[in-house]
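The structure appears right after this line, and notes come after that.
The values are calculated or read from the model by the stated rules, or taken from the named source; none is laboratory data. Remember, it's a predicted structure, so these values are computed and weren't measured experimentally. Using ideal geometry, Cβ is built from the backbone for each residue, glycine included, and neighbour counts are taken over all protein chains shown. For accessibility, only protein heavy atoms count, side chains too; no ligands or nucleic acids. Shrake-Rupley method; radii C 1.70, N 1.55, O 1.52, S 1.80 Å.
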Amino acid sequence: MPKYVYKCNECEEHFEVYHGMSENQEGCVYCRALSPHRVPQMPFLKRSVEPKGGKVGEETKAAIEANRALLEEAREEAKRNFYDDT
Ligand SMILES: [Zn+2]
């Protein structure tokens, strides 16, 4: 089902709902006010809200690499200190 973004006129909250193309969200999920209006979705917004599997994977990989680099650095540091002491 497609995802729609609504904004409530009463509490001004945004919320996302999944429903069929011919259906409408009848009330605000926060304050139950009737007839929230649908917010047109901008493509770039949608892309940032829905992370692609590949993108998350790349970010995770980058984080692991960064951690490894830090670890290497710490190890080198420890080695240097060890040799200094002897
Ligand atoms: Zn509301």
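Does region 15-22 include one or more residues that are more than 16 Å from the ligand (Cβ to nearest atom), at pLDDT below 85 and open to solvent by less than 80 Å² (accessible area, probe 1.4 Å)?
no
If the Cβ limit is 6 Å and pairs must be 6+ apart or interchain, which residue in region 1-14 that is open to solvent by 20 Å² or more (accessible area, probe 1.4 Å) pairs with which residue that is polar (S, T, N, Q)?
Val5/Gln41
Looking only at region 23-45, filter to residues that are polar (S, T, N, Q) and modelled with pLDDT under 90; which one of those is most open to solvent (accessible area, probe 1.4 Å)?
Top of the filtered list is Asn24.
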